[in-house]
Amino acid sequence: MSTLVVLPILFPLIGVVINAFLGKRLGEKVVGALATLMCSAAFVVALMLFSQVSVSKEHAIHAEFGTWIGVGKLNVPFGFLVDSLSSALMLIITGVGALIHLYSIGYIHGDPRANRYFVYLNLFVASMLVLVMGSNYLLMFVGWELVGLCSYLLIGFWFDKVKNAEAARKAFVVNRIGDVGFILGIMLIFVTFGTLNYHDIFAVVGDHKTAALALAGDPVAPAVLSAITLLLFIGAMGKSAQLPLFVWLPDAMAGPTPASALIHAATMVTAGIYMIVRSNALFHVAADTSNFVALIGALTAFIAGSIALRQFDIKKVLAYSTVSQLGFMIAAAGLGAYTASIFHLMTHAFFKALLFLAAGSVIHGMEHYSHAHHSAQHIDPQDMRNMGGLRGKMPVTFWAFIIGGLSLAGLPPFSGFWSKDEIIVAALHNPLVFALLACTAVFTAFYTGRQLVMVFFGSARSKDASHAEESGMAMKLPLIVLSVLALIGGGLNLPGSMWLEHWLEPVVGVHEGGFNLPIAALFSALALVALAAAWVMYRDGKRDTSLTPQLSSVSSFLNKAWQIDALYRAAIIMPFYALSSFLARVFDLGGIDGAVNGIGTLTKGIAAALRPLQSGFVRSYGLVMIVGVVALMAWLVINTR
Amino acid sequence: MYIYSLMLSLITFIPVIGALLIILLSKQLSRTIALVASLASFVVALLVLNSFNNAQAGFQFVEVAPWIPQFGISYKLGVDGISLWLMMLTVFIFPIAIWASSGAIQHDQKIYYALVLLMETATLGVFLSLDMFLFYVFWEFALVPMYFIIGLWGGQRRIYASLKFFIYTMAGSVLMLIAILVMGVQGQTFDYEALVKQGLHSANMSLFLAFAIAFAIKVPMFPFHSWLPDAHVEAPTPGSVILAAVLLKMGSYGLIRFNLALFPQASQQFAPVMIMLAVVGILYGAIVAFAQSDMKKLIAYSSVSHMGYIILGIFSMNELGVQGAILQMINHGLSTGGLFLVVGYIYERMHTREMGKMGGLWAKMPVYGTVALLFVLSSVGLPALNGFVGEFVILQGAFQRNPLWTGLATIGMVLGAVYLLTMYQKVFLGKGKDEAVDDHGHHRQVASASHGLLDLNWRELASAIPLIVFCFYIGLASTPFFNAMSASVGKLLK
């Protein structure tokens, strides 16, 4: 049983090794097929583990494979934990992962570095599995960093363009800022609990009730728990793109679209949610941190949602929408609605991966014309202003986008409706969070409607759009499967059955997530109104040019993402450049090295002045040296007494 | 078995025999002899490693012979869990550096290879000596070959750099010599173990400082670091590899071996200052590294930053801190040694180290780009590679002692990613500076230094692969390394 646990990680790793060393010889087709096969094999094993967890008594499988780090009291094993939470996420990672691998075969076809792409994708799946399967915080951190590396490599996949390389580096560095918080949190956990294993830590925190906890007689102060959870959450801010660290995710769209779907929508970016839910025992007793988490989540949802209203790049809309939806999940986790948070994570994985893949299909279709005609005229194939009327030319993509979009907008009976509704119900007791999330829900429906209309309806606004063609089977099949999942995914936690809630109970405890009919009805109505408004406004495809001055300045503010990048540039990046340059060129060369060389010059000067004393007799030099040494020794001897 | 009791002397002096042979035999054989001698030393060291007893806290394989008995000076070597890995690092790095010398060293090969071997003996002597006087002899002697290697095979400002290196380190060592003499005279012996046992100077601040300054210059710790960028920039590639991977470790090793062991109370008193300097060094080195345009200078300053972590660990003065510091010395040797190799490969092709003249190399040289990325990631501290383990254990140890300064030190993790990935981007990503985009959007090759670059050949790969293997090995299975050092470190901190 325990060897089974390691297989989901091992399969993609085998793919990494074979494709990395033999990829050139095997050729693009074999590489893609092998990578997809390995990810699918991991999915099959994940299914087997899932069924084992469901029948096992403690709803968990533990496995350990030796020690990773063992120094003094610090003992970190290669320990894995497959329980209801991790097994569910494993299915998402490997399942959606396999679909995206399949899609990629069609998408990346013809790229000279295709084999490298599949190496990264397989490595990502393995790393993400380490993240959710590790049984201690340090292994979570390992996965956390390795998925960050894969993200870096995939964002910068087409690194010949400096812009892409910049985006990759930005993602890595901004994530590292969060990681500092995470690693400090881990250190504080070790100092406090003497272990990093989930099981031992949560056992001490106990039954979620008392804030003053006892560990070997020493109470764990509530302030320490607040500090631990806050530090961990800083990590989540980076990886799950929350305020103020969300700025890397929109730029991350520079990578290939299927990678965006897998990493920057469905899985990696939800690592922060996984971390909080995994640590729910800690967050539950740290009420002040949890409130903070809820607020940050709601603010992020609101701000990113507002930015998405005014984006023109088809992927940028989805990127900000992802940030916004992650805000929903984070807010839910902060509100203690852990099941709702994971529920939304799962439905979002379906519908947002679907939307990204559909967007990739659109971009692919848009590129058809310029590829076929070697057109010198370059229009941006991702700019929605160049699209329009694609409905008839790309029917499968169109229907996929509709299903994904309506799910995102929160219309019943699509999956997103059910999960979002649970979060909004959970926010009822926190007016500020509720208000922010409610506004965001309206934004969401509106920008989704705007996107659907601009891309698929009206008439084609460029030659590329009028000559667009539907994508091939390898790309269509995943769209169809994900469409089905986005359609029925709500069934995971339907009111009445509440399957997911019962499934996660061993990890998160019971949380009576109610279905609130008035709320559901109200938000469905709001979503419909927002969609209708978008239809009216964008139907003719010209609305964006006729804004009033006031509105257009707001529009530009939103389009520039609240100027947050510019703010960081002015407040952090430029001062850092200046400091670095000052320290390197003035302080280090002039000050420190200058002092050293100055002493050297001074010595030379003294030597020149003393030149008359230079007798040329080695004996006299020796004498002087001895005198000096003796004097110093005398000083030391006196000092040591 | 008599030979068994001479193992450490064999390891230390086999290179000298090699150096003698090189001088006696023909020039064509020098590199081969140097390789064979350093590998022979490596093999004997493997035997020592194999029969090393992890449970024993004290010294093993001890050899003693009287040298100047009237002053209590003897020839005494021994190895414990602290010096074991530094010995292994030394015998591991030297063959690689010698292997990598063929391109960089174009004249006077005979003297060069002889000097490298002499340097190996000196550094091994530093790590294995158990007599303070003997230690000092090796310590000073280690300066000489490096002085000549920079001065004879270095770049344009080699004379300036080598003199600065020599005088700066020498000046630092004078005080240490006096301190050693004082201790020897007062204790009536120069035997290290005896002096530790006497414990006469445990709280002596002046003696602590006399040693600490010598070591701080060697490490180098902020603000004594300014010789390092000059030395690295001017040194030939293998010289930089040895300097970064092995010579700097003499300083950090000395702090553990002598300052912590001989002056434990003074160490406790000075620990806050040392921790502060270490953290300032971590941040300062990283910020200054970011502003560099010369790859070697950038890596030199990154060493100042990375060595800061090691000092931080040492003066945390607890199990995790010190063990992490020892492991990190090995890690820094592997990753920074690797980075200097990486710079060497491109310098031999493009004859420049200016990052502004590079770009897009990953596309032209895919293997090279991957090798460089691995060393960069190891240096950044990516988990699954070696750097992370050392860094985390150090920080965890430091956190127990001083959470605030440790918090500041972790900012170095961000800065490390900033300057190293910026370097990687400038050199390997984007477009080459020789590629211009013409009016029709087509790429056009322009003749320049990076035209027609060849990817790494098997010789170059052979120098990088052993380092990469150990980067992964330590990253995934650090326990054997910690196990061997824990008894000795435990005894030291008692």
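The values are calculated or read from the model by the stated rules, or taken from the named source; none is laboratory data. Just so it is clear, the structure is predicted and the values come from calculations on it, not from any experiment. A quick note on method: Cβ atoms are made from the backbone with ideal geometry, for glycine too, and the neighbour counts reach across all protein chains shown. All accessible areas refer to the heavy atoms of the entire protein, side chains included, with ligands and DNA or RNA removed. Shrake-Rupley method; radii C 1.70, N 1.55, O 1.52, S 1.80 Å.
Need one number: convex hull volume per residue for segment A:364-411, Cα atoms only, in Å³.
Values: hull volume 4.1 nm³, N = 48.
In segment A:364-411, the Cα hull volume divided by residue count equals 86 Å³.
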Gap separating the Cα centres of segment A:462-492 and segment B:27-44, nearest whole Å: 64 Å
Can you give the three extents of the C-alpha atoms in segment B:166-264 along their principal axes, from longest to shortest, in whole Å? 44, 20, 19
Ignoring ligands and nucleic acids, what accessible area does A:Leu432 show with a 1.4 Å probe (Å², nearest 10)? 100 Å²
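Whole number please: convex hull volume per residue, Cα atoms of the protein assembly as shown, in Å³. Let's see the in-between values first.
Numbers: hull volume 211.4 nm³, N = 1135.
Measuring per residue, one finds 186 Å³ for the Cα hull of the protein assembly as shown.
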Can you put A:Ile402, A:Ile177 in order of accessible area, largest first, using a 1.4 Å probe? A:Ile177, A:Ile402
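Just the number, please: carbon plus sulfur as a percent of the accessible area of chain A, 1.4 Å probe, no ligands or DNA/RNA counted. Working shown, then result.
Details: 16990 of 24440 Å².
C and S fraction of accessible area: 70 percent.
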With every protein chain present, what accessible area does B:Leu24 have (1.4 Å probe, heavy atoms only), rounded to the nearest 10 Å²? 140 Å²
When only the heavy atoms of the protein chains count and the probe is 1.4 Å, how do A:Arg116, A:Arg539, A:Arg176 rank by accessible area, highest first? A:Arg539, A:Arg116, A:Arg176
Rounded accessible area per residue of chain A, 1.4 Å, Å²: 38 Å²
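How long are the three semi-axes of the equivalent ellipsoid for segment A:85-237, computed from the Cα gyration tensor as the root of 5 times each eigenvalue, in whole Å, largest first?
Details: eigenvalues 283, 65, 20 Å².
That gives 38, 18, 10 Å for the three semi-axes.
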Of A:Val132, A:His109, A:Ser86, which is farthest on the positive side of the dipole of chain A, counting Cα position, with +1 on Lys and Arg Cβ, -1 on Asp and Glu Cβ, and the Cα centre as origin? A:His109
Please work out the C-alpha center-to-center distance from segment A:237-314 to segment A:103-155 and express it in whole Å. 18 Å
Over all directions, average the projected area of the Cα convex hull of segment A:277-348 and note it in nm². 4.6 nm²
According to the Kirkwood expression over distinct Cα-Cα pairs, how big is the hydrodynamic radius of segment A:435-474, in Å? 12.5 Å
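State which entries of A:Lys476/B:Lys364; B:Lys218/B:Lys296; B:Lys110/B:Lys357; A:Lys315/A:Lys393; A:Lys170/A:Lys420 exceed 26 angstrom in Cα-Cα distance in the structure shown.
Details: A:Lys476/B:Lys364 35 Å; B:Lys218/B:Lys296 18 Å; B:Lys110/B:Lys357 34 Å; A:Lys315/A:Lys393 20 Å; A:Lys170/A:Lys420 31 Å.
Checking Cα-Cα distances, A:Lys476/B:Lys364; B:Lys110/B:Lys357; A:Lys170/A:Lys420 exceed 26 Å.
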Of all C-alpha pairs within chain B, those more than 39 angstrom apart amount in percent to 19 percent
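Relative contact order of chain A: what whole-number percent is it, with Cα pairs under 8 angstrom and at least 6 residues apart? Write out the running numbers ahead of the final one.
On the way: 1035 pairs, mean separation 75.6, N = 641.
Relative contact order, chain A: 12 percent.
Where does segment A:1-146 land on Rg(C-alpha)/(2.2 N^0.38 Å)?
Working: Rg = 16.0 Å, N = 146, 2.2 N^0.38 = 14.6 Å.
With N residues counted in segment A:1-146, Rg over 2.2 N^0.38 Å equals 1.10.
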Expressed in Å to one decimal, the Kirkwood Rh of chain A from all distinct alpha-carbon pairs is 26.6 Å
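Can you sort B:His332, A:His199 by solvent-accessible area, 1.4 Å probe, largest first?
Order by accessible area, largest first: A:His199, B:His332.
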Might you work out the accessible area of A:Thr603 for me, using a 1.4 Å probe with all protein chains in place, and round it to the nearest 10 Å²? 80 Å²
Spatially proximal aspartates and glutamates relative to B:Lys197 (Cα-Cα < 20 Å; intrachain offsets below 8 disregarded): B:Glu63, B:Asp80, B:Asp131
Using only protein heavy atoms and a 1.4 angstrom probe, determine the accessible area buried between B and A, summed over both sides, in Å² to the nearest 100. 5600 Å²
Along each principal axis, Cα extent of segment B:216-305, largest first, Å: 43, 25, 14
What does the helix-only formula give at 222 nm for the protein assembly as shown: each DSSP H stretch with n ≥ 4 adding -39500 (n - 2.57), the total divided by the residues, and the result rounded to the nearest 500 deg cm²/dmol? -23500 deg cm²/dmol
Equivalent-ellipsoid semi-axes of segment A:482-542, from the Cα gyration tensor, Å, largest first: 34, 16, 9
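What translational D, rounded to a whole number of µm²/s, comes out for segment B:230-273 from Stokes-Einstein when the hydrodynamic radius is the Kirkwood one over Cα pairs, at 4 °C and 1.567 mPa s?
Values: Rh = 12.1 Å.
Value of D from the Cα-based Kirkwood radius: 107 µm²/s.
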Of the convex hull drawn through the C-alpha atoms of segment A:214-320, the volume per residue in Å³ is 90 Å³
